[in-house]
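J.: Got a structure here, written out as structure tokens. Questions coming.
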Amino acid sequence: MTKTLPQNFFFGAAMSGPQTEGAYTKDNRLESIWDTWSNLSISDFYNKVGSYVGNNFYEKYEDDIKLLKSLNMDSFRTSIQWTRLLDINGKINPNGANFYHKVINCAKENDIEIFMNLYHFDMPTYLFNKGGWENREVVEAYAHYAKMAFREFGKEIKYWFTFNEPIVEPDQRYRHGVWFPFIKNAQKGINVQYNISLAHSLAVNEFYKAKEQGYIREDAKIGLINCFAPPYTKENPTPEDLEALRIEDGINNRWWLDLVTEGHLPQDVLETLKQYNMLPEMRPGDEEIFKLGKVDWLGFNYYHPSRIQAPKEKYDENGHIKFSDPYVWPEAKMNIYRGWEIYPKGIYDFGMKMKKEYPNLKFFVSENGMGVEYEHRFRNEAGEIQDDYRIEFIKEHLEWIAKAIEDGAQCLGYHYWGVIDNWSWNNAFKNRYGLVEVDLMNDYQRKLKKSAHWIQNVIKTKTITD
């Protein structure tokens, strides 16, 4: 059955500054933690492609924005790089600010709304060397950065976001230690998550102060973007399975949802952390800061669900408490390149959760995409990649979004992740997500894939077709 989306449903692209811009030494840009890792151990990156490259959005932003417009997209999200906007003394770097003004003006000229995010895993190295998110001084430095950004671009930007996926750095850099500097410390992970929550709340406060002082347009909104992987367990769960579900949902999802809707962290999660002597350092006044963290709306990044069960052992190999083990659903359909389950209904389930538990918070799907390795295998005689698998992926997710809206979810729009192939952390260009191919051997030349033509029509008609 053909599904349609509301006429005011917006369609666009998701991207980030550190994954697209390149030009890592231009504009007097400071070194980021990704540059540091690339400099120290380039072999940790797929094909030794480090943080320097992006997809050359810095040089190609005008053509890229026109390309988005040609696909009928009405909006895109990117991020300001802290390293490009401010100098080491926290002052505006005029060259960096000028670049973002040019991008914003180009979007306006092409009648595309720009959604601006402030942080996408790309801390300046000089601040990371002070302890990064473990250090309250860096939390204050982020609030200052947000203040400077709001005052510099407040009259130009309507939609702001404090963080993209604030759960990822605590996991990747601190709990599991797969990102430099490879820390495997569950307590540090919780501490960092807590401090990022404070940073978010302080930035929201700076947004409203700037608005009151006339630096920000009256219709501007502030939000948070996170990867809310809907959690599932076995069909016939034990009480232990349900307990694993509660705490994992609490740490990864409800932590942020309660913060941005109610201005506090979930009490049951804090009680569990206290039980295991894992509470973060809480200072007098923190509760008042969290009250400032309520937002206007939410970005929901969705790639895969989270399937979990009760842990078989009490501790992991690093001696940390285990709250859950992965559960492999026998019926799972997998993206073999990424190792992620493809479960489009997760978007619907999240929408119903929002309707039931957070009914006043509107949201949009802020990232959704399929990464595939060796896509050149699917090139036809005309040279176009025939990515029917990506069309199927997007179509099924859009159908569940349409059903969620029909059933009362306040989902306002959809941004596809990686409309143009981009650099992806230490995976570099291993898995391509784009509707548009980037030729790394030919000056980052852009070339439409089959999926680009398909989505162009879907956006125009708001009708989800084969």
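The values are calculated or read from the model by the stated rules, or taken from the named source; none is laboratory data. Keep in mind that what you see is a predicted model, and the values were worked out from it rather than measured. Every residue, glycine among them, receives a Cβ derived from its backbone with ideal geometry; neighbour counts consider all protein chains shown. Accessible surface is based on the protein model in full, side chains and every heavy atom, while ligands, DNA and RNA are left aside. Shrake-Rupley method; radii C 1.70, N 1.55, O 1.52, S 1.80 Å.
J.: Check Gln267 against each of (1) surrounded by fewer than 19 Cβ atoms within 10 Å (Cβ to Cβ); (2) closer than 30 Å to Trp400 by Cβ and name the one condition it does not meet.
T.: (2)
J.: Using the structure shown, decide if Phe150 is at pLDDT 95 or above, surrounded by 22 or more Cβ atoms within 10 Å (Cβ to Cβ) and not in a helix (DSSP H, G or I). Full working, then the answer.
T.: On the way: at pLDDT 95 or above: yes; surrounded by 22 or more Cβ atoms within 10 Å (Cβ to Cβ): yes; not in a helix (DSSP H, G or I): no.
Considered against the rule, which asks whether it is at pLDDT 95 or above, surrounded by 22 or more Cβ atoms within 10 Å (Cβ to Cβ) and not in a helix (DSSP H, G or I), Phe150 comes out as no.
J.: Filter region 41-73 down to the residues that are within 19 Å of the chain's Cα centre (by Cα) and over 21 Å from Lys447 (Cβ atoms) and list them by number.
T.: Answer for region 41-73, where residues must be within 19 Å of the chain's Cα centre (by Cα) and over 21 Å from Lys447 (Cβ atoms): just Ser51.
J.: Looking at (1) of a type outside the set (Gly, Ala, Ser); (2) surrounded by fewer than 21 Cβ atoms within 10 Å (Cβ to Cβ); (3) closer than 19 Å to Ala428 by Cα, can you tell me which one Trp37 breaks?
T.: Only one criterion in (1) of a type outside the set (Gly, Ala, Ser); (2) surrounded by fewer than 21 Cβ atoms within 10 Å (Cβ to Cβ); (3) closer than 19 Å to Ala428 by Cα is unmet by Trp37, namely (2).
J.: Here is a further query. Could you check region 175-289 for helices (runs of 4 or more DSSP H) lying wholly inside it with 2 or more residues that are under 24 Å from the mean Cα position of the chain (by Cα) and in contact (Cβ under 8 Å) with a residue 24 or more places away in the chain? Explain how you work it out, then say what you get.
T.: Working: elements: 186-212, 239-249, 255-262, 267-275.
Passing ranges, in order: 186-212, 239-249, 255-262.
J.: Does Lys26 satisfy being closer than 26 Å to Ile92 by Cβ, open to solvent by 30 Å² or more (accessible area, probe 1.4 Å) and of a type outside the set (A, V, I, L, M, F, W, C)?
T.: Working: closer than 26 Å to Ile92 by Cβ: yes; open to solvent by 30 Å² or more (accessible area, probe 1.4 Å): yes; of a type outside the set (A, V, I, L, M, F, W, C): yes.
The answer is yes for Lys26.
J.: Give the number of residues within region 215-233 that are open to solvent by 10 Å² or more (accessible area, probe 1.4 Å) and modelled with pLDDT of 95 or more.
T.: 8
J.: Right, here's the next one. Among the residues of region 71-89, is any under 25 Å from Trp297 (Cβ atoms), surrounded by fewer than 19 Cβ atoms within 10 Å (Cβ to Cβ), modelled with pLDDT of 95 or more and not polar (S, T, N, Q)? Even if it seems obvious, please write down each step before you answer.
T.: So the first thing to find is which residues in region 71-89 are under 25 Å from Trp297 (Cβ atoms), and the list is 71-82, 85.
Keeping just the survivors that are surrounded by fewer than 19 Cβ atoms within 10 Å (Cβ to Cβ) gives 72, 74.
From what is left, the residues that are modelled with pLDDT of 95 or more are 72, 74.
When the remaining residues are screened for being not polar (S, T, N, Q), the result is 74.
Looking through region 71-89, at least one residue is under 25 Å from Trp297 (Cβ atoms), surrounded by fewer than 19 Cβ atoms within 10 Å (Cβ to Cβ), modelled with pLDDT of 95 or more and not polar (S, T, N, Q).
Conditions tested, residue by residue: (1) out of contact with any Gly (no Cβ under 7 Å at 6 or more places or on another chain); (2) in contact (Cβ under 8 Å) with a residue 12 or more places away in the chain; (3) among the charged types (D, E, K, R); (4) assigned to a loop (DSSP other than H, G, I, E, B).
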residue	(1), (2), (3), (4)
Asn318	yes, yes, no, yes
Val328	yes, yes, no, yes
Ile347	yes, yes, no, no
Met352	yes, yes, no, no
Lys356	yes, no, yes, no
Ser366	no, yes, no, no
Gly369	no, yes, no, yes
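J.: Tally time: how many residues in region 93-109 are surrounded by 15 or more Cβ atoms within 10 Å (Cβ to Cβ) and either out of contact with any Phe, Trp or Tyr (no Cβ under 6 Å at 6 or more places or on another chain) or of a type outside the set (Val, Ile, Thr) (or both)?
T.: Initial filter on region 93-109 (surrounded by 15 or more Cβ atoms within 10 Å (Cβ to Cβ)): 93, 96-97, 99-100, 103-104, 106-107.
Filter once more, keeping what is either out of contact with any Phe, Trp or Tyr (no Cβ under 6 Å at 6 or more places or on another chain) or of a type outside the set (Val, Ile, Thr) (or both): 93, 96-97, 99-100, 104, 106-107.
So the answer is 8.
J.: Right, another one. Which one of these is farther than 22 Å from Gly299 by Cα and modelled with pLDDT under 95: His176, His144?
T.: Values: His144 fails: modelled with pLDDT under 95.
Within the list His176, His144, the selection yields His176.
J.: Does region 195-209 include one or more residues that are over 21 Å from Pro166 (Cβ atoms) and of a type outside the set (Phe, Trp, Tyr)? It would help to see each step written out before you state the result.
T.: So in region 195-209, the residues over 21 Å from Pro166 (Cβ atoms) come out as 209.
Pick out the ones that are also of a type outside the set (Phe, Trp, Tyr) and you get 209.
There is at least one residue in region 195-209 that is over 21 Å from Pro166 (Cβ atoms) and of a type outside the set (Phe, Trp, Tyr).
J.: Turning to a different aspect of this structure: Assess whether Tyr58 counts as being surrounded by fewer than 19 Cβ atoms within 10 Å (Cβ to Cβ), touching a Phe, Trp or Tyr at 6+ places or on another chain (Cβ under 9 Å) and not β-branched (Val, Ile, Thr).
T.: Details: surrounded by fewer than 19 Cβ atoms within 10 Å (Cβ to Cβ): no; touching a Phe, Trp or Tyr at 6+ places or on another chain (Cβ under 9 Å): yes; not β-branched (Val, Ile, Thr): yes.
Spelling it out, it is not the case that Tyr58 is surrounded by fewer than 19 Cβ atoms within 10 Å (Cβ to Cβ), touching a Phe, Trp or Tyr at 6+ places or on another chain (Cβ under 9 Å) and not β-branched (Val, Ile, Thr).
J.: Also, quick follow-up: Which of the residues spanning region 368-377 are under 20 Å from Arg446 (Cβ atoms) and buried (at least 17 other Cβ atoms within 10 Å of the Cβ)?
T.: Answer for region 368-377, where residues must be under 20 Å from Arg446 (Cβ atoms) and buried (at least 17 other Cβ atoms within 10 Å of the Cβ): Gly369, Met370, Gly371, Val372, Glu375.
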